[in-house]
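In what follows, a structure is listed as structure tokens, so that the remarks can point back to it.
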Amino acid sequence: MINPIVSANELVKTYSKGLIALNNISMVVNKKEVLVVMGPSGSGKSTLIRTFNGLESFDSGELEVVGITIGTDPEDRKVREIRKRVGMVFQQFNLFPHLSILENITLAPIQVQRKNRIEAEDHAMELLSQMGIEKQAKKYPIQLSGGEQQRVAIARSLAVNPELLLFDEPTSALDPERVNEVLDAMRKLAQDGMTMVVVTHEVSFAKEVADRVVFMDSGKIIETSSPNVFFNNAKEERSRKFLNQIIK
Amino acid sequence: MKGLRSLYIQVGIGLVLFILFAVLINNLSINLIRTNLNFSFKWLYRPASFALAEHPLPYSPSDSYAWALFIGWLNSLKVIFISLIISTLIGFITGIARTGRNPLLKIIAASYITLIRQTPLLLQLMFWYFVGFLSIKGTLIFPNERILVLSNQGIKIFGDINLTAEYSSLVIGLTVFTGAYIAEVVRGGINSVPRGQWEAFRSVGLNENSGVLKIIIPQALPAILPGLTSQYLNLAKNSTLAIAVGYADIYAISDTIINQTGRAIEGFILLLLSFLFLNLIISLMMDFFNEIITKYQKV
Ligand SMILES: Nc1ncnc2c1ncn2[C@@H]1O[C@H](COP(=O)(O)OP(=O)(O)O)[C@@H](O)[C@H]1O
Ligand SMILES: [Mg+2]
């Protein structure tokens, strides 16, 4: 049997002031699966996916990502091994403003994977044309539109050939007319078989691309359903209330 | 009512300043007449007739005052330049450690910064000179004679570079002091970089050290440079405390010359001009760096 890419068991995380951000989370992400995470603001979605690549620690429970087990007091070496194999795309893009687009993408392949520059740049150009922005390679982040910056961020996370991509509200900071170019790029990735965990409120994207939808509230997973069930016939009262609010 | 009172105060302050200034000018002219000295710089060509322990260029007491002053200048530059480089290194390393994740390094950095910033520089210089060097009995060898030897004569590096105890304690004192201030400037700069940049470099797999060096510091530099410039200017000015440990810098030599010749006015004018010049150079240099960085960031 094939092991899941992520497997979390009874994860608990409390922030300093006693606020429970993750309350007994157990879940798996399977290979080639697209998992969409939804839930009201402050429900713990970001915290959850950030534990998957070690940006957040947790207080108790078990977590295995790409075959590596990390505990509550993870070793740096293991966390870095996971980060080399898991990409992350942020709401605010977080491109490196002092590096060109090409340098943003080749940084990790050259510094972390010790690839040679030519090879890394060739791969980066390939990724940029896959994202439809190969003309911007020599520019700097500030010269690009939000949608283009986010596509660069996706290319940057793909540059190390990750086994899993994490997206934290990748279209929330975009102008409405720029949302689709980013979602389209993500659709293509999904078609190519990339394993993805996507925190988003884009209902049409979730309906079309997600294999499963996870609904969170107050640090708990309330419901995990196929998009068909979730959007038409959600099992839980809280899910239906949330959907009423976002769909209007 | 209020306007009237502030008017009185202003007039009062003006009057006091005027009287002070008048007394000063009066004293000056009386002194000049009494000592029979006219304002002139001709005395600069007379022999200095004092010896100097340290001189990067040939010097003997029969050389002119002008040459002695120039030697003093070089001695000052020798201290300022080296201290500038080493304190920058200390400052960056400490500032980075202070914002880093290693708790032990963090505590060490914080204690160093606090200790140094809470005690006067003069005291620290005296400490390095009298406790650090003059109290050494015999020689201290690290790890053998060809690498580093400490004695009450100063420091001997690689067997053939000799630094006097005066020079060494001055450089150590100034670098340790300035380093602590630069560390705070660096910390402020690092904290001005958005948290997302740390998350981004971590999530692409960079380790903490390369992330800080390649991603955080370049973005912190624009915020660091102005503070760094003022620390460099302070360093140059503080170097005049050399006189406390008997190092012959420009100030110490000017002081001797003024005592010998009575040319206080001319001496201080030269001294002021030389520091003005030095600090202008430092400011221009930093402006130049600033321009490079901002240009590079805008592209
Ligand atoms: N660094 C932090 N310190 C304290 N509380 C935090 C921190 N980050 C998030 N939280 C809190 O944890 C809860 C979950 O946050 P988050 O995971 O960001 O939710 P979501 O992404 O679903 O909006 C929120 O109540 C938030 O205020
Ligand atoms: Mg969030």
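Of all accessible surface on segment B:66-298 at a 1.4 Å probe, what whole percent is carbon and sulfur? All intermediate terms of the calculation are to be shown ahead of the outcome.
On the way: 7810 of 11330 Å².
Ligands and nucleic acids excluded, carbon and sulfur reach 69 percent.
Using only Cα atoms, locate the centre of segment A:1-67 and the centre of segment B:111-180, then give the distance between them in Å, rounded to an integer.
54 Å
From other protein chains only, count the Cβ atoms within 10 Å of every residue's Cβ in B:7-20, then give the mean.
On the way: counts 0, 0, 0, 0, 0, 0, 0, 0, 0, 0, 0, 0, 0, 0.
Partner-chain Cβ atoms within 10 Å, mean over residues of B:7-20: 0.
From the cross-link list B:78/B:137; A:139/A:207; A:17/B:214; A:207/A:235; B:78/B:237; B:137/B:237, which pairs have alpha carbons spaced over 25 Å apart?
Working: B:78/B:137 27 Å; A:139/A:207 35 Å; A:17/B:214 34 Å; A:207/A:235 16 Å; B:78/B:237 14 Å; B:137/B:237 33 Å.
In this structure, B:78/B:137; A:139/A:207; A:17/B:214; B:137/B:237 lie more than 25 Å apart at Cα.
Please give the length that would be gained between residue B:157 and residue B:85 if that part of the chain were fully extended, namely 0.36 nm times their separation in residues minus their C-alpha to C-alpha distance (nm, one decimal).
Separation in residues times 0.36 nm, less the Cα-Cα distance, equals 24.1 nm.
Leaving out ligands, DNA and RNA, what percent of the accessible area of chain A is carbon and sulfur, probe 1.4 Å?
Looking at chain A in its full context, I get 44 percent from C and S.
Roughly how large, in nm² to one decimal, is the mean projection of the convex hull of the alpha-carbon atoms in segment B:173-294?
9.1 nm²
Any idea which of A:129, A:191, A:149 is furthest toward the positive side of the dipole for the protein assembly as shown, if Lys and Arg beta-carbons carry +1 and Asp and Glu beta-carbons -1?
Comparing the listed Cα positions along the dipole, A:149 ranks first.
Tell me the per residue accessible area of segment B:66-298 using a 1.4 Å probe; a whole number in Å² is fine.
49 Å²
In debye, nearest 20: dipole of segment B:66-298 around its Cα centre with unit charges on the Cβ of K, R (+) and D, E (-)?
In debye, rounded to 20, segment B:66-298 gives about 680.
Could you sort B:209-219, B:116-126 so that the peptide with the highest average Cβ count within 10 Å comes first and the rest follow in order?
Result, highest mean Cβ count within 10 Å first: B:209-219, B:116-126.
In Å, what Kirkwood hydrodynamic radius results for segment A:1-42 from the alpha-carbon pair distances?
By the Kirkwood definition, the hydrodynamic radius is 12.2 Å.
Mean-square fluctuation check for chain A, GNM, Cα pairs under 10 Å: which of A:63, A:19, A:174 is largest?
Its mean-square fluctuation being the largest, the pick is A:19.
Just to verify a number: FRET efficiency for residue B:148 and residue A:229, C-beta to C-beta distance, R0 = 51 Å, to 0.05?
Computed FRET efficiency for residue B:148 and residue A:229: 0.10.
Looking at chain A as a GNM with Cα springs under 10 Å, which of A:39, A:54, A:67 has the largest mean-square fluctuation?
Highest fluctuation among the options: A:67.
Any chance you could check the Cα centroid distance between segment B:238-293 and segment B:22-87 for me, in angstrom?
Cα centres, segment B:238-293 to segment B:22-87: 10 Å.
Taking only Cα atoms, what is the 0 to 90° angle, nearest 10, from helix B:2-34's long axis to the longest principal axis of chain B?
The helix B:2-34 is inclined about 60 degrees to chain B.
Heavy atoms only, probe 1.4 angstrom, no DNA, RNA or ligands counted: give me B:106, A:32, B:137 ranked by accessible area, highest first.
Descending order: B:137, A:32, B:106.
What is the average number of partner chain Cβ atoms found within 10 Å of a Cβ in B:190-200?
Numbers: counts 0, 0, 0, 1, 3, 2, 6, 5, 2, 9, 13.
So the per-residue partner count for this stretch is 4.
Scan segment A:95-150 for trypsin sites (Lys or Arg not before Pro) in coil per DSSP, keeping those whose Cβ has at most 10 other Cβ atoms within 10 Å, and list them by number.
Those that pass, being in a loop and sparsely packed, are A:114.
What distance in nm separates the two pseudo spin-label positions at residue A:118 and residue B:30, each 7 Å out from Cα along the beta-carbon direction?
Label at residue A:118, label at residue B:30, 8.5 nm between them.
Note the angle between two axes, namely the Cα long axis of helix A:179-191 and the longest principal axis of the Cα atoms of chain A, as a number of degrees from 0 to 90, rounded to the nearest 10.
90 degrees
Explain nothing, just the number: relative contact order of segment B:66-298, from Cα pairs under 8 Å at least 6 residues apart, as a whole percent.
Dividing the mean separation by the residue count of segment B:66-298 yields 25 percent.
In Å², and per residue, what accessible area does chain A have when probed at 1.4 Å with the other protein chains present?
45 Å²
Are there any chymotrypsin sites (Phe, Trp or Tyr not before Pro) in segment B:12-65 that are in a DSSP loop and have at most 11 other Cβ atoms within 10 Å? List them by number.
Those that pass, being in a loop and sparsely packed, are B:39.
So what is the relative contact order of segment B:52-120, in percent, for Cα pairs below 8 Å that sit 6 or more residues apart?
Values: 27 pairs, mean separation 12.2, N = 69.
Computed value for segment B:52-120: 18 percent relative contact order.
Could the peptides B:266-278, B:226-238 be put in order, highest first, of the mean number of other beta-carbon atoms found within 10 Å of their residues?
Ranked from most to least packed, the peptides come out as B:226-238, B:266-278.
Angle check, please: helix A:101-111 long axis (alpha carbons) against the longest principal axis of chain A (alpha carbons), in degrees 0 to 90, nearest 10.
80 degrees
Mind grabbing the interface size between B and A? I mean buried accessible area, both sides, 1.4 Å probe, in Å² to the nearest hundred. Walk me through the intermediate numbers first.
Numbers: alone 17820 and 12220 Å², together 28120 Å².
For chain B against chain A, roughly 1900 Å² becomes buried.
Which of the chymotrypsin sites (Phe, Trp or Tyr not before Pro) found in segment B:98-200 are in a DSSP loop and have at most 12 neighbouring Cβ atoms, other than their own, within 10 Å? The partial results should precede the final answer.
On the way: sites: B:112, B:127, B:128, B:129, B:130, B:133, B:158, B:167, B:177, B:181, B:198; in loops: B:158.
Here the chymotrypsin sites (Phe, Trp or Tyr not before Pro) that fit, given the DSSP loop and packing criteria, are B:158.
With chain A treated as a Gaussian network of Cα nodes joined by springs under 10 Å, which of A:227, A:109, A:74 yields the largest mean-square fluctuation?
Of the options given, A:74 has the highest mean-square fluctuation.
Within 10 Å of each Cβ in peptide A:95-101, how many partner chain Cβ atoms are there on average? Round it to a whole number, please.
5
The values are calculated or read from the model by the stated rules, or taken from the named source; none is laboratory data. Owing to the predicted nature of the structure, the values given are computational and were not obtained by experimental measurement. In this analysis, Cβ positions are derived from the backbone assuming ideal geometry, glycine residues included, and neighbour counts consider all displayed protein chains. Calculation scope for accessible area: heavy atoms of the full protein, side chains included, ligands and nucleic acids excluded. Shrake-Rupley method; radii C 1.70, N 1.55, O 1.52, S 1.80 Å.
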